[in-house]
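Only one structure is covered here, and it is reproduced in the block below.
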Amino acid sequence: MEERDRLYHAALWQKLALRLVPLSLLALPIGGAVGLGLKVVLAVVAAVSLGIFARYAFGGARGAIYGILGLLPGLNLLLLLAVNQRAVSKLRAVGVEVGFFGVAPKELNRLG
């Protein structure tokens, strides 16, 4: 896969991974079976998106390792910070502007 394609996909998965953090925080006060189910689904989706995001940001098998470790509470946020920092560095190195929730849509179109 070409580097520009990897950056494009990293930017897409970065947006999803960063948007899952506030969703997970909003789900914390929800109790009962519905709350537990929602938390489990969000945790699995976050771990999968972290793994795919790491695969595009770092390359290789790191994505699978990060995805599995992303299921562990607390560690998943640290891994997300590490992967996000790497992706932001790579994206800024090629002149892409990166905001708080990732790459702006116009910048994403320029990459793709």
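Structure values in brief
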quantity	calculated
Selected from Val34, Val44, Val21 as most flexible by GNM, with the chain as the system and alpha-carbon contacts under 10 Å	Val34
Contour excess over end-to-end distance, with Cα ends at Val34 and Asn109 and 0.36 nm allotted per residue	23.2 nm
Eligible lysines near Lys39 by straight Cα distance, threshold 25 Å, same-chain separation 8 or greater	Lys15
Ascending count of other beta-carbon atoms within 10 Å, so fewest first, for Glu2, Glu97	Glu2, Glu97
For the chain, built as a Gaussian network whose Cα springs stay under 10 Å, the top-fluctuating residue of Leu77, Leu38, Leu91	Leu38
Of Val21, Leu36, Ala46, farthest towards positive along the dipole that unit charges on Lys, Arg, Asp, Glu beta carbons give segment 1-48	Leu36
Rounded tilt (10° steps) of 32-58 against the dominant C-alpha axis of the chain	20 degrees
Acute angle (nearest 10 degrees) that the helix 75-93 long axis makes with the longest principal axis of the chain, alpha-carbon atoms	20 degrees
Rounded to the nearest 20 debye, dipole of the chain from Cβ charges on Lys, Arg, Asp, Glu	60 debye
Degrees between helix 3-27 axis and first principal axis of the chain (Cα, 0 to 90, nearest 10)	20 degrees
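Bear in mind these aren't lab numbers, they're just calculated from the coordinates by the rules spelled out. Just so it is clear, the model here is predicted, and its values are computed rather than measured. Glycine also receives a Cβ, built like all others from the backbone with ideal geometry; neighbour counts cover every protein chain displayed.
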